[in-house]
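Before I ask anything, let me first share the structure, which is written out below as structure tokens.
Bear in mind these aren't lab numbers, they're just calculated from the coordinates by the rules spelled out. Just so it is clear, the structure is predicted and the values come from calculations on it, not from any experiment. Cβ atoms come from the backbone with ideal geometry, glycine included; neighbour counts cover every protein chain shown.
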């Protein structure tokens, strides 16, 4: 493996959700530990599953992995980090300042912006605090899906510039009070990230055109902020030997080869490794130890009974009966939410119903999936940069109109705070929810952790409105109330028939239920068990799926649909319609 040669102290794995970053990061950690190196494996993903991979609870403290000598792990828990951060800011003033002022500071620290800053605070400490990491020769970062990671990695420069120019006022009191103290730590983090002698970044992708295009964009964005030492790993490539006597395997091999041939030129210049698709699930030490090794091909295909379930079109029948409403597709990155959101929207529009298809994913690619248009269907995207600029201009035009020149200048500086983006994105989300009162709004959400931060902001807004209501009998409606109403909102949890995606979807379902949101259905995507594959490797993977499909059907879902792995990528209106109607 090229990326494992002369490994520097810090190594980052990033890429689109679901491409195998966690598995590769864990396997890398095991291999370096086997060389006798002291290794710390860190997850910066709000929806981390490193603990699941190793079969132990890790959490927000450095934890030794008992079965692997020289290896420890840490999952940066955004909520726990935020609480520690809040305590550090509020603790010194509690009992000193009036209680009303303290409550005001706590309110400022309650949003998703503070959560992200607090997690980043821990992340940068691992890069520069020798007391925390002096015992480790290598620190491996398993990062969040692409959009969240780019935002995280841009923060050292963004905050350093923000602090250097002295921007911000009382509205950013909580975050800035902490950030000011961290100025030198953030500068040191920027230096460490940009030093190829200390840091290597590994882009992980699959042999799919959309994924490779996104990785090319990630490469350029990260290079622009100084992370130039990059490697590429193409994960899960189906061996060409599996194509014999199996039309499905042959079609997959053909499209993967075409995707690799059409790889953006900027990626072809990077050191590159390919990892073959394995017949086993990448959970547990034995599987991880074999990830980088060649696995002898199976010679016989295991018997797999054909699984029967509803197709996606049958679920849309029920959705369409309501005439309008919000349909949110949620789940782990890489399970196919964008494709299925497009398929649901196209199905509804094909029936003559007005539909808005939108996304809150920072790494959105809805237009690439649709590759066309359809009457009754419109497409939009919550773009954080555009929404933030729109919000800034609105505040300057309204609140700023009553201020003098000096006041407007102070307001403009305040609105450059990174915290402003949280407010702007939330307002855009609220506008879209209101649209669902007169048409169907199908939302392709960001990967799980980012979506939960958005819902947390929604919940905070709901609590604030409730608190400020003097007349409790007065009717009011908040976005969270709409999300909690099954007549107005249907949440579809998307998963693959694999251990980790099913576990994570089940955890997300529990989180949503705690917020008073009941998921309406599950969709198991790209199921091999729902096909008649003959390839021995695909048959083995289909056999592995059966237990996960049974868990969804018997334990997790009130209603569910099964979408088979298709010969052709479901890109374009016609193929999306075919996907909805497809069944074994």
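At a 10 Å Cβ-Cβ cut-off, how would you order 524, 423, fewest neighbours first?
In order of increasing Cβ crowding within 10 Å: 423, 524.
With a Förster radius of 35 Å, plug the Cβ-Cβ distance of residue 265 and residue 430 into 1/(1 + (r/R0)^6) and report the FRET value to the nearest 0.05.
0.25
How far apart, in nm, are the 7 Å Cα→Cβ label points at residue 35 and residue 6?
Here the answer is 1.2 nm between the modelled labels.
I've got another one for you. Could you tell me the distance between the Cα centroids of segment 289-360 and segment 475-520, to the nearest Å?
16 Å
What is the spin-label model distance, in nm, from residue 88 to residue 401 if the labels are put 7 Å beyond Cα along the C-beta direction?
Placing both labels 7 Å beyond Cα along the Cβ direction yields 4.2 nm.
Given a Förster distance of 51 angstrom, what is the FRET efficiency for residue 101 paired with residue 56, based on the Cβ-Cβ distance and rounded to 0.05?
Result of the calculation: an efficiency of 0.75.
For residue 195 and residue 244, FRET efficiency with R0 = 56 Å and r from the beta-carbon atoms, rounded to 0.05?
Efficiency computed from Cβ-Cβ geometry: 0.70.
OK, next. Rank-order 226-233, 480-487, 323-330, 2-9 by packing density, defined as the average count of other C-beta atoms within 10 Å over each peptide's residues, highest first.
Listed from highest to lowest mean packing, they are 323-330, 226-233, 480-487, 2-9.
Starting from the Cα-Cα distance between residue 224 and residue 294, subtract it from 0.36 nm times their residue separation and give me the gain in nm to one decimal.
The span from residue 224 to residue 294 would gain 21.6 nm if fully extended.
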